[in-house]
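Notes for the one structure printed next.
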Amino acid sequence: MNPTRLLLFVGIFATVVGYSYAQPDPAIEKAVNDVAGEFKAGKDDAARKKAIAAAKNIEELDDLMRLFGPTKKNGLNIGANLMNLPKNPKNVEDLGHKTAAMAELARAMTAPKKKGAQAWIAEADNLRKAGLDLAKAAAKNDAKGMKAAAEKANATCVNCHSKFK
Ligand code: HEC
């Protein structure tokens, strides 16, 4: 292969590999969407059951947490969207359900033992509630309610990280 062709080849290869990695884990993303769908349907019990079943197939907590992060780090941009809510309330509602689903999945994953499961579950429950409150406020197009719920969700990320990360 001549050098130009080689460079082209390497470039294309890197792009393809980069692209395939720059996405959330499809199985975990599906779990988030499935659980979020149950929350949207108001079926909190079904959401919990689905999260418990799906969490068994998630190896590391980090694999789940990554989905909170930015798209370029294989995430769903949830953290950034909570800081800066989408304009369309429909998207905010979706964000709320996804946040609650992520919380339910985190709750279902084995709590880090060293500082106790109780605190872990409490943080996850706080985040789930904030996510559901966000979705409810968005469904009513209640701007104040959306802001308050998003702030609560953000505070939960910070609290849980300061205890467990
Ligand atoms: C129940 C506790 C808990 C809650 C709630 C929580 N986190 Fe985390 N998060 C963790 C822990 C623990 C880690 C470290 C995981 C590891 O490295 O194994 C982590 C890691 C992360 C990471 C790094 C993942 C990576 O490797 O790229 C991101 C991003 C993140 N969290 C975002 C968030 C955001 C945004 C929220 C709130 C919407 C949130 N987290 C809520 C416990 C939590």
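Coordinate-derived values only; no laboratory data. Keep in mind that what you see is a predicted model, and the values were worked out from it rather than measured. Please note: Cβ atoms are built from the backbone with ideal geometry, for glycine as well, and neighbour counts cover all protein chains shown.
Whole-Hz Karplus values for the stretch 65-71 come out as 4, 3, 5, 6, x, x, 3 Hz, taken residue by residue from phi with 6.51 cos²θ - 1.76 cosθ + 1.60 and θ = phi - 60°; glycine and proline positions read x. Rounded to whole numbers, the Karplus 3J(HN,Hα) couplings from phi for the stretch 98-108 are 5, 4, 4, 5, 4, 5, 5, 5, 5, 4, 6 Hz, using 6.51 cos²θ - 1.76 cosθ + 1.60 with θ = phi - 60°, and x at Gly and Pro. Stretched out straight at 0.36 nm per residue, the stretch from Ile121 to Lys56 would grow longer than its current Cα-Cα span by 21.7 nm.
If you take all other residues with their beta carbon under 11 Å from the beta carbon of Asn57, and give Lys and Arg +1 and Asp and Glu -1, the sum is -1.
Simple spin-label estimate for Asp63 and Lys147 gives 4.0 nm between the two label positions (7 Å along the Cα-to-Cβ direction from each Cα). In this structure, the amide hydrogen of Leu85, modeled 1.01 Å from its nitrogen in the peptide plane, lies closer than 5 angstrom to no residue at least 5 positions away or on a different chain. Rounded to the nearest 20, the Cβ-based charge dipole of the stretch 25-164 about its Cα centre (Lys and Arg +1, Asp and Glu -1) stands at 240 debye. When you count the other C-beta atoms within 10 angstrom of each residue and take the mean per peptide, 24-34, 89-99 line up highest first as 89-99, 24-34.
The Cβ shell under 10 Å around Pro89 holds other residues with a net charge of 0, Lys and Arg each +1, Asp and Glu each -1.
Per-residue 3J(HN,Hα) values for the stretch 153-163, derived from phi via the Karplus relation 6.51 cos²θ - 1.76 cosθ + 1.60 with θ = phi - 60°, read 4, 4, 4, 5, 4, 5, 4, 5, 5, 5, 8 Hz in sequence order (x marks Gly and Pro). Farthest towards the positive end of the charge dipole of the stretch 25-164, among the residues Asn81, Thr71, Val35, is the Cα of Asn81, using unit charges on the Cβ of Lys, Arg, Asp and Glu.
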